[in-house]
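Have a look at the structure below before the remarks.
The values are calculated or read from the model by the stated rules, or taken from the named source; none is laboratory data. What you see is a predicted model; the values in this text were computed from it and never measured. With ideal geometry, Cβ positions are generated from the backbone for all residues, glycine too; neighbour counts draw on all protein chains shown.
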Amino acid sequence: MDTYIVRQPIIDKNQKVVAYEILYREDESALYNQNDMRVANAIEQFLLELSDDKFLSGRIAFLTFTPNLLMKNIPKMFSEQRLVIQIEDNAIVHPLARKIIYRYKKQGYRIAIKNFEFSQRYFSILDAVDIIKIDLSSPEISQKNVVDIAHSFGKQVAAYNINTPEALSLAESYDCDYYQGSYVAEQRTSKAYRFDHLQSNFFQLMVAVTKDEPDIDEITKIISRDVTLAFSLMKLVNSAYFALRNRVKSVQQALVILGIGQLKQWIYLLSFKQDSGGMSDELIRMSFLRATFCESLSSYVPDLPISSNEAYMMGMFSTLGTLMELPLENALEELPISDEIKQALITGEGKCGNLFGLVLCYHNADWPGMTHHAAELGIPMNVITRTYFECIESVNETWESLMKPFAGENDEDEE
């Protein structure tokens, strides 16, 4: 049996990522069957291996607990400052689970209840609840009443399954406190063509190219983790100015053709185009994670028509439509990438489409879709979550270094 675990960002009214919900599933088993101890044991094993600092980047975790998980004291793996305990109807009706919920509440844990209903069993536990979550995958008139009642009792409201612009508008009209869903995860705050590059990453790039002996591998890594830098470089090198006979398909190829001298000039020009608004950190991080996940999984796909570098680019450029506020098909016209990648991102067809579909479904906790794509590609199910965890840790370690660039040098300068 295989357990799948993914995180989904939760933002506040200021569009700041304040938490991640950990979504998980145990193969085809009924996770919420409170008598299924095998499921509880499997989830427990994964949570034992879970580092909240690496996986959650130091943010709060929202995690749904079955009665079994509550009674096995699994929430104790997290500090009360780092966890919101989510409960569903099965925990409310379970007499022992209800008592344990109150115990966790007294210990300082926050409690969130999913899919609140106007019934006695929900009101009887309302005093222990901090956050009420409403599901916007199927909007109902009563949800506005739930939000109003929650606020009247001093509770916060989190809307989830916000997967369309209409759902987000509805949640905002309800005056919800938190927002979550696939559409929320891809919300943009700027446009790629404005060259709003991640400041710390750009700073590291400038340092790398001005060394006495620049390291192409190091420069490739720096550019490859920022979708806007990669987009700008690929567009430049494949422009009419270079008049290349064959299209460049990777960042490293582009750097070799451009050369260190022209690379320095390009970066110098970009330095004058920095925008104070900046780009959504979470969106860049998502691009980076998708790219790394696609690249890692590509090694398990026999006869994949693109290289691992191209698989990386496929994941990286999957957010380009959101960044440029254009349909993805129009955004990709700017890039001379392979037809296989364009087809995969636009229509989802072919082996490349299945690979990207697997990554996207996993990211959105679409477990049936993920299982379908994995079967089509022949990827062993037991490697997918392990690979995802490895990619998360790799991306987060890189991200942490970006957020604290050259702290030692800065301190010396201040002295």
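Given the condition closer than 19 Å to Pro67 by Cβ and touching a Pro at 6+ places or on another chain (Cβ under 7 Å), answer yes or no: does some residue in the range 113-125 qualify?
Within the range 113-125, not a single residue is closer than 19 Å to Pro67 by Cβ and touching a Pro at 6+ places or on another chain (Cβ under 7 Å).
The condition of being among the aliphatic types (A, V, I, L, M), within 24 Å of Gly353 (Cα to Cα), modelled with pLDDT under 80 and crowded, with 19+ Cβ neighbours inside 10 Å holds for only one of Leu283, Leu304, that being Leu283.
Any residue at all in the range 14-30 that is of a type in the set (Asp, Glu), surrounded by fewer than 19 Cβ atoms within 10 Å (Cβ to Cβ) and at pLDDT below 60?
Narrowing the range 14-30 to residues of a type in the set (Asp, Glu): 21, 26-28.
So of that shortlist, the ones also surrounded by fewer than 19 Cβ atoms within 10 Å (Cβ to Cβ) come out as 27-28.
With at pLDDT below 60 added as a condition, the list becomes 27-28.
Taking every residue of the range 14-30 in turn, at least one turns out to be of a type in the set (Asp, Glu), surrounded by fewer than 19 Cβ atoms within 10 Å (Cβ to Cβ) and at pLDDT below 60.
The number of residues in the range 164-190 that are at pLDDT below 90 and touching a Pro at 6+ places or on another chain (Cβ under 9 Å) comes to 3.
Could we say that Ala331 is assigned to a helix (DSSP H, G or I) and modelled with pLDDT of 85 or more here? For Ala331, the condition - assigned to a helix (DSSP H, G or I) and modelled with pLDDT of 85 or more - is not met. The single residue among Leu258, Leu263 that is modelled with pLDDT of 80 or more, in a helix (DSSP H, G or I) and in contact with a Phe, Trp or Tyr (Cβ under 8 Å, 6 or more places away or on another chain) turns out to be Leu258. Pairing residues of the range 132-157 that are over 16 Å from Asp177 (Cβ atoms) and free of Cβ contacts under 8 Å to residues at least 40 places away in the same chain with residues that are among the aliphatic types (A, V, I, L, M) and surrounded by 12 or more Cβ atoms within 10 Å (Cβ to Cβ), at Cβ distances under 6 Å and at least 6 apart in sequence or on separate chains, gives Pro139/Leu170.
Kindly indicate whether any position in the range 149-163 is closer than 25 Å to Tyr104 by Cα, in a strand (DSSP E or B) and either among the acidic types (Asp, Glu) or in contact with a Pro (Cβ under 7 Å, 6 or more places away or on another chain) (or both).
To start, the set of residues in the range 149-163 that are closer than 25 Å to Tyr104 by Cα comprises 149-160.
After this cut, where a residue has to be in a strand (DSSP E or B) as well, the list is 156-160.
Next, from what is left, pick out any that are either among the acidic types (Asp, Glu) or in contact with a Pro (Cβ under 7 Å, 6 or more places away or on another chain) (or both): none.
The answer is no, given that none of the residues of the range 149-163 is closer than 25 Å to Tyr104 by Cα, in a strand (DSSP E or B) and either among the acidic types (Asp, Glu) or in contact with a Pro (Cβ under 7 Å, 6 or more places away or on another chain) (or both).
Tallying residues that are under 23 Å from Asn14 (Cβ atoms) and surrounded by fewer than 12 Cβ atoms within 10 Å (Cβ to Cβ) within the range 138-175 yields 4.
Consider Gly348 carefully, then state whether it is among the small types (Gly, Ala, Ser), within 30 Å of Gln15 (Cα to Cα) and modelled with pLDDT of 80 or more. Walk me through how you get there before you give the answer.
Working: among the small types (Gly, Ala, Ser): yes; within 30 Å of Gln15 (Cα to Cα): yes; modelled with pLDDT of 80 or more: yes.
Against the criterion (among the small types (Gly, Ala, Ser), within 30 Å of Gln15 (Cα to Cα) and modelled with pLDDT of 80 or more), Gly348 qualifies.
Give Ala407, Ala375 a once-over and let me know the one that is over 20 Å from the mean Cα position of the chain (by Cα), of a type outside the set (S, T, N, Q), modelled with pLDDT of 55 or more and surrounded by fewer than 19 Cβ atoms within 10 Å (Cβ to Cβ). Lay out the reasoning, then the answer.
On the way: Ala407 fails: modelled with pLDDT of 55 or more.
Residue meeting the stated conditions: Ala375.
State whether the residues of the range 108-128 include one that is in contact with a Ser or Thr (Cβ under 8 Å, 6 or more places away or on another chain), of a type outside the set (Asp, Glu) and within 19 Å of Phe62 (Cα to Cα). Scanning the range 108-128, I find at least one residue that is in contact with a Ser or Thr (Cβ under 8 Å, 6 or more places away or on another chain), of a type outside the set (Asp, Glu) and within 19 Å of Phe62 (Cα to Cα), so the answer is yes.
Right, Arg103: in contact with a Ser or Thr (Cβ under 9 Å, 6 or more places away or on another chain) and either at pLDDT 85 or above or of a type in the set (Val, Ile, Thr) (or both) or not?
Working: in contact with a Ser or Thr (Cβ under 9 Å, 6 or more places away or on another chain): no; either at pLDDT 85 or above or of a type in the set (Val, Ile, Thr) (or both): yes.
So Arg103 fails the test.
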